[in-house]
Amino acid sequence: MSLALRQRLFDELDRLILIDPHTHINPYAPAAATLADVLGYHYYTELAHSAGMPKARIEEPGLDPKEKVRRLVEYLAPLDNTIQYSWLVEMAQELFGFADDRVTVANWESLYDAAAARMRSPGWAREVLKKSGLEAVFLTNDFDDPLAGFDTKLYIPCLRTDDLVFHLAKPEVRGRLEKASGVSLGSAADVRTAIGRLFEHFVKHGARACAISLPPDFAPARVSPAAAVAAYEALVRDGTGAAAERRDAANFVFWTLAEFCADFRLPFDLMIGVNRAVYAGGVYQGQDLYDSRVSLIQYRELLNAFPQVVFPISVLASVTNQELASYAWIFPNVVTHGHWWYSNTPTFIEHDAAARLEAVPRTKQIGYYSDMYKLEFALPKFRMYKRILAKILAERFCIDRGWSEERAIDLGRQVLRGNVERVFFAKE
Amino acid sequence: MSLALRQRLFDELDRLILIDPHTHINPYAPAAATLADVLGYHYYTELAHSAGMPKARIEEPGLDPKEKVRRLVEYLAPLDNTIQYSWLVEMAQELFGFADDRVTVANWESLYDAAAARMRSPGWAREVLKKSGLEAVFLTNDFDDPLAGFDTKLYIPCLRTDDLVFHLAKPEVRGRLEKASGVSLGSAADVRTAIGRLFEHFVKHGARACAISLPPDFAPARVSPAAAVAAYEALVRDGTGAAAERRDAANFVFWTLAEFCADFRLPFDLMIGVNRAVYAGGVYQGQDLYDSRVSLIQYRELLNAFPQVVFPISVLASVTNQELASYAWIFPNVVTHGHWWYSNTPTFIEHDAAARLEAVPRTKQIGYYSDMYKLEFALPKFRMYKRILAKILAERFCIDRGWSEERAIDLGRQVLRGNVERVFFAKE
Amino acid sequence: MSLALRQRLFDELDRLILIDPHTHINPYAPAAATLADVLGYHYYTELAHSAGMPKARIEEPGLDPKEKVRRLVEYLAPLDNTIQYSWLVEMAQELFGFADDRVTVANWESLYDAAAARMRSPGWAREVLKKSGLEAVFLTNDFDDPLAGFDTKLYIPCLRTDDLVFHLAKPEVRGRLEKASGVSLGSAADVRTAIGRLFEHFVKHGARACAISLPPDFAPARVSPAAAVAAYEALVRDGTGAAAERRDAANFVFWTLAEFCADFRLPFDLMIGVNRAVYAGGVYQGQDLYDSRVSLIQYRELLNAFPQVVFPISVLASVTNQELASYAWIFPNVVTHGHWWYSNTPTFIEHDAAARLEAVPRTKQIGYYSDMYKLEFALPKFRMYKRILAKILAERFCIDRGWSEERAIDLGRQVLRGNVERVFFAKE
């Protein structure tokens, strides 16, 4: 009974047309050109490397895409248990007519060719969006992105700010900021002015969010104007500044971003918990890990200081999920946001989503985003989530709490679609 | 099969007559007078506020109860997914004859009136207790409570000590202590004497526990008599004392409480993990949150120093539950106690209770307490727990381990009722 | 349907012949001599003590085994809910012909006698191994174990190194090291030479792993040769050295072990998270607990420094499991290893194993080890794990992901058996 119920709920949820509120799509090349763009996703390269593939096999300069795929496929067998692998197979079946349930040295080439043929077809990106039930996707734009030459209603800009907060000491970053803003950066005040220009530019081009990923030891604090001035000077003068000054500078920029989010009424996506480059020998984008000892209490001052800013918050580790649910239950400006990265696997999604669905107001939960780099991943990733959502709704709401199917679907619809509109488009 | 089994187990567990080992019931007004006492529970006001209701809507001085309910109901729709909301609906259905499954602007007034009528009926509190299967409830009494004018067999006193440990620097608290104890507080020794008087008073009036809630950074330690003297002097002299002296003073009082618990053979309920007033703009009682980075290793010295004191321990975050289960498995004086506050939702209860039931001696687990302020909440809260308990017993004991239903019910009975007697009344 | 499926998968998994990759078996007395060796396991003594049995009841010098069992049985009733108790009953039923489902004051003696009779029979250890489906077990050998007089193909040596890293300040430990290695320990360089001799000895006698258990605050770091020299001198000179020197000495020895693991191609089992002697009044081996605030980020430098060493990692608390899965997903040299101690109970195993099975390459997961002191425990402990594994495979792979039973069994086989060979015997 429960399985048939789950299936019915899934079928209804899978009919929805969605907006994906966080991706890394390149609007000039949103879909994959070959299977190398699919298998080059760090989830596959890092798992294959972890399972034994030397990094040099795939990071050789000038490597032909087909050869890259051939080399990767040799190392896929040890991953065939993972949910990440299941994304690949479901994508291949649904988008490229793949008939097997594993990608092997025996069948990869025909899959490669079939995929390449479809990817070359005119309007492939649009077709993928349609098959995936997506009407728009959020981007992750460098702060100096011109945001020109693409449809910003379909590919919605989002101002990503990691470089500004954590790498402003690099002359190259300051140079990019000067160029993008037209402001010469002589002082902390100039930095503020320049950031304001970025917000103007982004909002003019339809940006719907500001976003940043944060290390587990970050604890934002307001810094005094004098400290901001001193910190910026130290940072420019000696390239990094002392630890305290680096922290002050990061806090000054971060706080400034929050202030502009308030001024421009942009939600500020916080993605909390990642340590960069923990595994120095890892493949491209496969070096980051984390310290799960992080608490949202570190954001206490920020959340109190900006009641008018909505903070969709993602946490990296499932052990932080209860805090996220509790903070969203208490703070009007905290919204739970998707299942991020190392928590984007079924066991954690199920535990975390169930806890949110039963304790956080239904209007304050954004169920899922794909985090994808190529459009082809939306279909299998969202389906994974919808299956888990259907399972939770079936078992914990219909069965355990006596809800009607209609009521359950309505809740699913809201976390999948309604709240994206509510939070980022101020509808409803 | 599993669902029918769960139902049978639930039905048996729901027949038990219980003692609720932790509530905030006011013995002079144990039941609600109107629905405003129900919807005024911080679970609703804070969730409604989190979902958009301005605090001023309900914290206006002199607000009429019916008007308060009207205003709250306008903001309930976004909460209708939460388990907290389900308590309200189940209570309304079971106690007030409510026939719908949601409380809306269309139906709230008749519910309000129906509830008010029943609440006005003579013997309402007794009736609620009876319908809820409760024969007694523990209170949470201020240390200077006279404990007079109510039946202490029905409303069992419990000495709550947060003020003594954390707010003794306030002249008002010391004044209350002097008045309640009849001891003039000139020194640390006087504080000890005064606290002893409180214990005498409470035990004489049938108190069955001493209790305290503790912030996540608290790590009780024995302080030397000299340090206690110095700390108390500093605290009186300058109102707070330096951080080290405040800590010493808190430790001195806390340790003194544990010593008197030993002398008077009172269990000492520790509720570990809350940070007060994290969200300064929150509604009344809706400002507290936590830092889940807490460990029971902080209680190592205490647990070793007082083998003769039973410590029923509640933890605020589910990530601390495994430590609680492990410490109860090793330390004879540690008992697991209920599912507290932000962990009092089904997903966490299920995970946490299952872990306890399979690894902690059956005699050392107190399944549940309601934490309620008004008697009407016992029924839906205990039922929530019993449903989850029945699910765990059905799936993890009867099915996974081949237990008979009778054996499973017997375990359920023990954690629901038997251990409350064992721990707080030294029965068996 | 799901239950029958679980049963079919379990039956297949239970047919496998396994190698147990971590035990505390004494190869000269691998099986129990009487039931006192079974009930003397700390899981029972500590739980019975926690439930009320005075320590002196069973730690009386010269206590007769039968009397010890009689005394323990008196205190077993409060544990009959625990999974640990279920190991006892399943063992008694499967190995000793026990027909009841509880061991009581009424039936213990016949069980004791029946067990003693079987334990006395010639070839009992071999029979237990056969009934348990084990073809070999890893030992936990003191670093100065002569490794003589037993079959090292059946009882595989493993070099346990806690004493070297954490207790080298004790003259007795240095004396044992001098004697075992034949090296006079005048300097840090001598310690290195001596440790090298231990590795030679162990590898010559078929050792397949080096192992250590580590406290939660340990964060291995490379120390400079000068610091190692100074630290060792301080440690010899004054017995402990200052905290910094103790840490340097521990790090020096630990790093040296990792270097020899690289040289000798031995996996280095890290068992992370235990605090020793937290409960000073506890029974033998029943005093250890933990602080769950630990992170694998503490092992960042080590994991990067030794890419050629395989680290099978066990974590004590389930809250660290996601980090373990993530680190194994990224670092080629990290392998997930079993479910250790306080996490070796069904709720945690289920959550933790499910998370690993769906996100870590299938070749990098060692499903289970028994950690047993007597062979009789392999059967019930491995069966517990296999039942949970069958449940996960049934529900999360066959049902949720549409896997065939054969494919699921194949994955189960790999984590139960294949990866033990792969990791410790470099096969496949």
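Could you work out the local net charge near B:Arg70, counting Lys and Arg as +1, Asp and Glu as -1, over the other residues with Cβ closer than 11 Å to its Cβ? Display every interim value, and only then the final one.
Numbers: positive: B:Arg57, B:Lys66, B:Lys68, B:Arg71; negative: B:Asp64, B:Glu67, B:Glu74, B:Glu109.
Net of charged neighbours comes to 0.
Each of B:Ala32, B:His49, B:Pro78 was placed along the dipole of the stretch B:8-109 (beta-carbon charges, centred on the mean Cα), and the one lying farthest toward the positive end is B:His49.
Among beta bridges identified by DSSP and lying wholly in chain C, the antiparallel ones come to about 10 percent.
Distances from A:Ala148 to itself in the other copies, using label points 7 Å out along the Cα-Cβ axis, amount to 8.5, 8.5 nm in increasing order. Here's how it looks for C:Ala136: its modeled amide H is under 5 Å from those of C:Asp20, which are all 5 or more places away or on a different chain.
Before rounding to the nearest 500, sum -39500 (n - 2.57) across all DSSP H runs of length at least 4 in chain B and divide by the residue total; then give [θ] at 222 nm in deg cm²/dmol. Intermediate results must be reported in sequence, preceding the final value.
Working: 19 runs with 202 residues, N = 428.
Counting only the DSSP helices, I get -14000 deg cm²/dmol.
Amide H contacts under 5 Å for C:Val335: C:Phe311, C:Ile313, restricted to partners 5 or more places along the chain or on a different chain, H placed in the peptide plane at 1.01 Å from N. Projecting 7 Å from Cα along the Cα-to-Cβ direction, the label point of C:Ala277 sits 4.3, 4.3 nm from its equivalents in the other copies, listed shortest first. Loop-located trypsin sites (Lys or Arg not before Pro) in the stretch B:106-155 (DSSP state other than H, G, I, E, B) with a sparse environment of at most 15 neighbouring Cβ atoms within 10 Å: B:Lys153.
Charged side chains reduced to their Cβ positions (Lys and Arg at +1, Asp and Glu at -1) give the stretch A:140-359 a dipole of some 260 debye around its Cα centre. Compared with the dominant Cα axis of chain C, that is its longest principal axis, helix C:108-120 is turned about 60°.
Students often get this wrong, so check it: of A:Lys381/B:Lys391; C:Lys55/C:Lys131; C:Lys131/C:Lys386; A:Lys68/A:Lys374; C:Lys170/C:Lys204, which have C-alpha atoms separated by over 25 Å?
Values: A:Lys381/B:Lys391 31 Å; C:Lys55/C:Lys131 34 Å; C:Lys131/C:Lys386 15 Å; A:Lys68/A:Lys374 17 Å; C:Lys170/C:Lys204 28 Å.
Distance filter (> 25 Å) returns A:Lys381/B:Lys391; C:Lys55/C:Lys131; C:Lys170/C:Lys204.
For the peptide A:81-92, the mean number of other protein chain Cβ atoms found within 10 angstrom of a residue's Cβ is 4.
The phi-based Karplus calculation (6.51 cos²θ - 1.76 cosθ + 1.60; θ = phi - 60°) puts the 3J(HN,Hα) values of the stretch A:65-78 at x, 5, 5, 4, 5, 4, 5, 5, 4, 4, 10, 7, 3, x Hz, whole numbers, x for Gly and Pro. The angle between the Cα long axis of helix B:171-181 and the longest principal axis of the Cα atoms of chain B comes to about 90 degrees, rounded to the nearest 10.
Just how large is the dipole of the protein assembly as shown about the Cα centre, in debye to the nearest 20, putting +1 at every Lys and Arg Cβ and -1 at every Asp and Glu Cβ?
Numbers: 147 positive and 162 negative charges, 168 e Å.
That gives the protein assembly as shown a dipole magnitude of about 800 debye.
Peptide A:277-283 has a mean of 5 when you count, residue by residue, the C-beta atoms of other protein chains within 10 Å of its C-beta. Less than 20 Å from a label point 7 Å out along the Cα-to-Cβ axis of B:Phe150: which backbone N atoms in the stretch B:186-221 qualify, by residue? What the label zone holds, given the 20 Å backbone N cut-off, is B:198-213.
Inter-copy label distances at B:Ala56, shortest first and taken from points set 7 Å along Cα to Cβ: 7.0, 7.0 nm. Compared with the dominant principal axis of the Cα atoms in chain C, helix C:378-392 is inclined by about 80°.
Other chains' Cβ within 10 Å of B:293-301 residues: what's the mean? Walk me through the numbers before you get to the answer.
Numbers: counts 9, 4, 9, 5, 8, 1, 1, 7, 0.
Whole-number average of other-chain Cβ neighbours for B:293-301 is 5.
The residues C:Arg396, A:Arg174, when put in order of fewest to most other Cβ atoms within 10 Å, stand as A:Arg174, C:Arg396.
Laboratory data are not the source of any read-out in this text; all were calculated from the coordinates shown. Predicted model only: the values in this text are computed from it and were never measured. For neighbour counting, all protein chains shown are included, and Cβ atoms are generated from backbone atoms with ideal geometry for every residue, glycine included.
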